[in-house]
Amino acid sequence: SLVHRVLELVWQRLKSHQQLLTLTDEALQGLVEHAVAEAIDEIALRYPQTVTRRFRQMESERLCTQVLEWLALEKQREPFTMLESEGQYEVSAGVRVKLKIDRIDALADGRKVVIDYKTGEVKPAQWFGERPDEPQLPLYSMTVEGPIAGIVFGQLRAGNMAFSGVAEEADLLPEVKSFEKLKKLTNEADSWAQVLEQWQVTMEQLGQAFRDGEATVDPKNYPGSCSYCELKLL
């Protein structure tokens with residue numbers, strides 16, 4: 001989406017939490033406005049009839065407000081450096097899965113934080129269990145080399161910007177819970193390493209089942225799951 005692209009451009013220039021804090025409000029506003037203009041120019045080349053003068057004006061105002069609101073949240077974080085954005089990865093989880101990770105940050109102690117931007121609402125229960133509804137975070141945990149401190153969604157919702165995910169310790173990112181606070185979801189894991197190991201086992205089991213062609217009629221949340229199924233008679 002456009003807001004994702006704008007944030008990518010902004011962090012390519014900022015690079016670090018320190019640089020974010022160093023910029024004046026006016027300088028940060030200018031940086032964001034420049035990134036917004038660049039992102040809109042990119043889509044204007046593909047959709048010239050859609051990107052009218054009025055569209056550009058409205059979208060510029062919306063994006064600037066949204067991105068500045070998000071950056072205000074990022075200012076509350078512990079020091080970090082942005083390592084990579086839009087990185088392409090491939091992981092083996094029973095099958096080969098290609099992934100694109102929105103962003104990877106490095107903390108002062110060298111540990112990494114994986115961030116995936118989302119415009120919709122996300123809930124911790126969606127990342128855990130034998131059949132997680134949202135398997136992105138477990139898959140991301142298998143791709144990054146070196147110690148991982150946290151894996152989160154960046155929830156980009158106007159008026160409700162938030163980090164949502166799980167971390168090794170509490171408040172590593174604003175309002176993000178530690179794995180210890182989510183013990184009921186993490187199958188009573190005793191350590192952060194155990195959480196990451198459980199995710200890997202779960203993803204490999206799901207991938208193996210898919211590769212083997214398992215098609216047992218076993219709705220996860222009956223009858224809710226069946227409302228999306230085209231084979232209700234079966």
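The values are calculated or read from the model by the stated rules, or taken from the named source; none is laboratory data. Everything quoted here is computed from the prediction, not taken from an experiment. Cβ atoms come from the backbone with ideal geometry, glycine included; neighbour counts cover every protein chain shown. Note: accessible area is taken over every heavy atom of the protein model, side chains too, but ligands, DNA and RNA are not part of it. Shrake-Rupley method; radii C 1.70, N 1.55, O 1.52, S 1.80 Å.
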Quote the accessible area belonging to Met58 in square angstrom, nearest 10, computed with a 1.4 Å probe and with ligands, DNA and RNA left uncounted.
100 Å²
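Per residue, how large is the accessible surface of the chain? Use a 1.4 angstrom probe and give square angstrom.
57 Å²
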Could you please report the charge total around Ser60, scoring K, R as +1 and D, E as -1 over all other residues with beta-carbon less than 12 angstrom from its beta-carbon?
-1
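Before rounding to the nearest 500, sum -39500 (n - 2.57) across all DSSP H runs of length at least 4 in the chain and divide by the residue total; then give [θ] at 222 nm in deg cm²/dmol. Don't jump to the answer; show the numbers that get you there.
Details: 6 runs with 89 residues, N = 234.
Rounded to the nearest 500, it is -12500 deg cm²/dmol.
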What is the packing order of peptides 14-22, 101-109, taking the mean over residues of other C-beta atoms within 10 Å and listing the highest first?
101-109, 14-22
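Counting only protein heavy atoms, what percent of the accessible surface of the stretch 98-234 is carbon or sulfur at a 1.4 Å probe?
48 percent
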Evaluated at q = 0.12, 0.25 Å⁻¹: base-10 log I(q)/I(0), Debye formula over Cα of the stretch 94-154
-0.31, -1.17
Alpha-carbon spread of the chain, three principal axes, descending order, Å
56, 46, 30
